[in-house]
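Below: the structure, in structure tokens.
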Amino acid sequence: MKFAVIVFPGSNCDEDMTNALRDVCHCPADLVPATATSLAGYDAVVLPGGFSYGDYLRSGAIARFAPVMTAVKAFATAGHPVLGICNGFQILTEAGLLPGALRANRSSQFICRSSRLVVRNPHTQFTTAYAAQPAIQLPIAHGEGNYYCDEATLADLRAHHQIVFEYEDNPNGSMANIAGIMNRQGNVLGMMPHPERAVEQLLGSVDGLGIFDSLIANYREETHA
């Protein structure tokens with residue numbers, strides 16, 4: 001399974017992600033610049049964390065106009081997996097690939113610590129490895145991780161089981177404790193916590209591996225069906 005890790009000006013978790021994919025999961029992964037116009041040859045796309053374009057306007061608001069996003073939208077529309085983490089989640093909402101928006105944390109302060117999550121939907125291609133692990137611990141590092149949507153959208157997310165992760169302690173004030181959601185088709189996931197920072201015991205947790213193990217297992221199952 002070959003991954004494309006999109007690099008925007010200001011991305012700072014791209015190397016963390018490629019390390020997790022290459023060195024821990026043993027999958028080929030390329031750093032793809034925001035100026036790229038094609039994602040041909042890749043099986044999955046990751047939008048990593050960071051501060052794309054310096055967050056000078058609003059987190060993800062400028063990145064949505066990067067040339068590569070046209071290819072990301074086409075990739076997602078074709079049904080291929082797209083994973084957005086932290087700033088990547090913000091970009092996915094700004095680009096309209098996921099509903100809602102990310103606002104400033106309730107405390108108005110940057111939060112950087114470990115957080116316990118409930119795996120609300122373990123039946124997605126991103127979460128099947130968590131079937132026997134309903135609660136996990138992942139690090140968070142963000143200033144605008146407060147997920148918001150209107151009540152109709154929240155009802156829709158719940159009705160179609162699109163809420164994938166919830167915080168146990170809701171550190172940023174997110175509506176309904178939301179830490180990660182997917183699109184209705186189930187191939188685009190956005191989440192604020194950082195699974196790539198929890199893939200080795202040296203980092204304090206391996207709970208993030210479930211995301212990547214799930215994707216890889218799902219890919220192998222589909223390609224060998």
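For segment 12-20, 3J(HN,Hα) computed residue by residue from phi via the Karplus equation (6.51, -1.76, 1.60; θ = phi - 60°) reads 10, 10, 5, 6, 4, 5, 5, 4, 4 Hz, glycine and proline entered as x.
Applying the Karplus relation 6.51 cos²θ - 1.76 cosθ + 1.60 with θ = phi - 60° to segment 102-116 yields 3J(HN,Hα) values of 10, 10, 4, 3, 3, 7, 6, 10, 5, 10, 9, 6, 7, 9, 8 Hz, where x marks Gly and Pro.
Could you work out the Rg to Rh ratio of the chain, with Rh taken as the Kirkwood radius (inverse of the mean 1/r over all Cα pairs)? Mind dumping the intermediate values first?
Values: Rg = 15.8 Å, Rh = 17.0 Å.
That ratio equals 0.92.
Here segment 84-193 is treated with +1 on each Lys and Arg Cβ and -1 on each Asp and Glu Cβ, and its dipole about the Cα centre works out to around 180 debye.
Protection proxy ranking of 32-42, 9-19, by the mean of other Cβ atoms within 10 Å over each peptide's residues and highest first, is 9-19, 32-42. How many angstrom lie between the Cα centre of segment 75-119 and the Cα centre of segment 146-225? Here the two parts' Cα centres lie 9 Å apart.
If you take every residue apart from A34 with its C-beta less than 12 Å away from the C-beta of A34, what net charge results, scoring Lys and Arg +1 and Asp and Glu -1?
Neighbourhood net charge equals 0.
Every pair of different Cα atoms in segment 72-168 enters the Kirkwood calculation, which places the hydrodynamic radius at 14.7 Å. For segment 144-200, the direction-averaged projected area of the alpha-carbon convex hull comes to 4.5 nm².
Ranking of K73, K2 by neighbouring Cβ atoms within 10 Å, starting from the fewest: K2, K73.
Averaging sequence separations of C-alpha pairs under 8 Å and six or more residues apart, then dividing by the length of the chain, give the relative contact order as a whole percent.
Values: 503 pairs, mean separation 43.6, N = 225.
Rounded, it is 19 percent for the chain.
Coordinate-derived values only; no laboratory data. All values reported here derive from a predicted model rather than from experimental measurement. Please note: Cβ atoms are built from the backbone with ideal geometry, for glycine as well, and neighbour counts cover all protein chains shown.
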